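Read the structure below first, then the notes.
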Amino acid sequence: AALKVHAHLVAKVLADRAIGDVSACTISCKNLTGDVRLILEASLVEFQKMIRIAVNFLTKIAAKTPPGPLPPLPPPVRRP
């Protein structure tokens, strides 16, 4: 949603927070055992990698794109 309105900094902050949330989830996985723990930890690590890629992408976009006006809204539809 933040990207749709060109709020790249907001999107970056939210992605950074998601990385912290994933770290907290990984720590709470320590109580799990066996295959469930391994699968969940591996999934969280992969998700964290994807979020880091997104943060890098958002950082590049925010640096290149100055904030501009929002696109115009379509005219209202009149009903008979």
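Just so you know, all these numbers are worked out from the coordinates, no wet-lab data involved. Bear in mind that the values here come from a model prediction, so they are computed numbers and not experimental data. Quick reminder, even Gly has a Cβ in these numbers, built from the backbone with ideal geometry, and neighbours come from all protein chains shown.
Summary of values
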quantity: Summed side-chain charge close to Phe47 - residues other than Phe47 whose Cβ falls under 15 Å, Lys, Arg +1, Asp, Glu -1; calculated: -1
quantity: Neighbourhood charge, 13 Å Cβ-Cβ cut-off, centred on Ala18 and excluding it, Lys, Arg +1 and Asp, Glu -1; calculated: +2
quantity: Kirkwood hydrodynamic radius (C-alpha pairs) into Stokes-Einstein, the stretch 8-64, 4 °C and 1.567 mPa s, D in µm²/s; calculated: 107 µm²/s
quantity: Sorted by Cβ density within 10 Å, fewest first, the residues Leu14, Leu58; calculated: Leu14, Leu58
quantity: Sequence of Arg78, Arg52 once ranked by neighbouring C-beta atoms within 10 Å, starting from the fewest; calculated: Arg78, Arg52
quantity: Eligible aspartates and glutamates near Lys30 by straight Cα distance, threshold 12 Å, same-chain separation 8 or greater; calculated: Glu41
quantity: Approximate spin-label separation Lys30-Asn56, in nm, with each point projected 7 Å along Cα-to-Cβ; calculated: 2.9 nm
